[in-house]
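Have a look at the structure below, then the notes.
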Amino acid sequence: MAEASDIYGIIYQNLEDAGCDEQITQRCMALARSGNLEGMLPILFHYRRELLDTVRSGQKKMDCLDYLIYKIRKGYL
């Protein structure tokens, strides 16, 4: 775990914990080291949208399974 005073360590650890791939991590770290933290935002927002799409896709699959389970339990199939 990064020390609270190690801003680069904190950023790196957070990117790693969020599941960012090596390319995203390298791009963000380069921006951070150049002092352009704001430049990281479009990259982070894009990755966040990708994660949200994954969540939504998983939710849709769960809904389909729940519907099938419901139909089986009620004897409709």
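Numerical summary
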| item | result |
| --- | --- |
| Angle in degrees between helix 7-17 and the longest Cα principal axis of the chain, rounded to the nearest 10 | 20 degrees |
| Length added when fully stretched, residue 5-residue 56, from 0.36 nm per residue minus Cα-Cα | 14.7 nm |
| Furthest towards positive pole of dipole, 55, 37, 14, structure part segment 7-73, Cβ charges | 55 |
| Cα-based helix-to-principal-axis angle, 22-33 vs the chain, degrees rounded to 10 | 40 degrees |
| Mean ellipticity per residue at 222 nm, deg cm²/dmol - from DSSP H runs of n ≥ 4 across the chain, formula -39500 (n - 2.57) | -25500 deg cm²/dmol |
| Electrostatic dipole magnitude of segment 1-60 [Cβ: Lys, Arg +1; Asp, Glu -1; Cα centre; debye, to 20] | 320 debye |
| Order of 25, 54 under a 10 Å beta carbon neighbour criterion, fewest first | 54, 25 |
| Per residue convex hull volume, Cα atoms of the chain, in Å³ | 113 Å³ |
| GluC sites (Glu not before Pro) within the chain: DSSP coil, no more than 12 neighbouring Cβ in 10 Å | 3 |
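None of the figures in this text is laboratory data; all of them are computed from the coordinates on show. Everything numeric in this text was worked out from a predicted model, so none of it was measured. For neighbour counting, all protein chains shown are included, and Cβ atoms are generated from backbone atoms with ideal geometry for every residue, glycine included.
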